[in-house]
Amino acid sequence: MRHLLSVEEAEKDFLLKILESSEIFLKVLEQPSKKLPTLRGKTVLFMFMEPSTRTQASFEMAAKRLSADTVSFSPGRSAMRKGESFLDTLQNLQAMEVDGIVIRHSSPGAAHFVARHTKASVINAGDGAHEHPTQALLDAFTVKRRLGRISGLKILIVGDVLHSRVARSNLFLWKKFGSEVLFSGPPTLLPKEFGSLGARIVDIEDHIGEVDVLMVLRLQRERMEGSFVPSIREYRKFWGITRERLKRIPPETLIMHPGPVNWGVEMDYEVMERENTVILEQVRNSVAVRMAVLYHLLARTEAEG
Ligand code: NCD
């Protein structure tokens, strides 16, 4: 594979290779030097057209740990402010011979667009509500390290599924590996048609006590035009992982969240105090997983050349 645009289109073998190599890169990160010469001479461009903390920082760290040169493009300070189009911007940046482009954009399909218009390997770091493939990979890697497998599991994804690229990428990934995905959330944020993507839509109360993994999503208020939930209090009461609801979750269930968390809305802070809440472990693992993605896409291009 030359690009990583979506989990839906990715081959299962490629995803498996990423998960296997991530284990090796995690070992590298435990060494004092933390660095490998693998991508020396390669240039990776970061185009983050939407806010990001974890994804951008960990991609940059991953590229640097592999000795790539990195360039960050920030739209707010670029000539796009003078009216230059996205395509012109892209073609000009490509003229500087970049090898990889990591793109986050508010429009679904943005990464595919970039892939069609450049020679570089393109990695989708989130395109609107479509996909966020490296998030699903780092989630799977975290589960694999904790539970020892990624097939035959029951994964419950709770919350704002409608706006969540994380939910979509995870659904496609878990299905490829033979795990069952359950979705739960307010009907306005979880339209019935989502069932046709291959997840079972369930009542949170019936399943919260019996799943291997509970993935909590952020209520994406910035993507909502109008009112999707009657009130935050009501959302918390019915779908939040509150202190009270936590009592019914077995201690061995992994609780995950892609971040950023709205504390007191989709999750109470007490969730952080249990042994099997792995939210920061997801972030720690993300550097190794993104190193693996960069390695498989960019080192391979070199072999071909
Ligand atoms: C997610 C995103 O931006 O898609 N965050 C992330 O990348 N870790 C989820 C979110 O914003 O809720």
- Does any residue of region 70-86 turn out to be modelled with pLDDT of 95 or more and closer than 18 Å to A140 by Cβ? no
- Message: List pairs: first residue in region 245-264 and without any contact (Cβ under 8 Å) to a residue 24 or more places away in the chain, second residue more than 16 Å from the ligand (Cβ to nearest atom) anywhere in the structure, Cβ distance under 6 angstrom, at least six positions apart or on different chains.
- Response: W263/Y269
- Going through region 233-288 one residue at a time, which ones are small (G, A, S) and surrounded by fewer than 21 Cβ atoms within 10 Å (Cβ to Cβ)? G259, G264
- Note on the structure: V143: passes all of (1) within 15 Å of the ligand (Cβ to nearest atom); (2) within 30 Å of Y235 (Cβ to Cβ) but (1)
- Note on the structure: Checked R248, R243 against criteria (modelled with pLDDT of 95 or more, under 30 Å from R149 (Cα atoms), more than 16 Å from the ligand (Cβ to nearest atom) and touching a helix residue (DSSP H, G or I) at 6+ places or on another chain (Cβ under 6 Å)); the one match is R243
- Query: Quick check: anything in region 57-75 acidic (D, E) and within 24 Å of P258 (Cα to Cα)?
  - Reply: yes
- Return yes when V122 is closer than 20 Å to E193 by Cα and of a type outside the set (K, R) and no when it is not. no
- Residue list for region 200-238, restricted to those being under 23 Å from R165 (Cβ atoms), among the hydrophobic types (A, V, I, L, M, F, W, C) and at pLDDT 95 or above: I201, V202, I204, V211, V213, L214, M215, V216, L217
- Message: With the requirement that a residue be assigned to a helix (DSSP H, G or I), exposed (fewer than 14 other Cβ atoms within 10 Å of the Cβ) and without any contact (Cβ under 8 Å) to a residue 40 or more places away in the chain, what does region 1-17 give you?
- Response: D13
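A quick yes/no check of all residues on (1) touching a residue at least 60 places away in the same chain (Cβ under 8 Å); (2) closer than 21 Å to I24 by Cβ:
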| residue | (1), (2) |
| --- | --- |
| L87 | no, no |
| I101 | no, no |
| G109 | no, no |
| F113 | no, no |
| A129 | yes, no |
| T134 | yes, yes |
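The values are calculated or read from the model by the stated rules, or taken from the named source; none is laboratory data. What you see is a predicted model; the values in this text were computed from it and never measured. For neighbour counting, all protein chains shown are included, and Cβ atoms are generated from backbone atoms with ideal geometry for every residue, glycine included.
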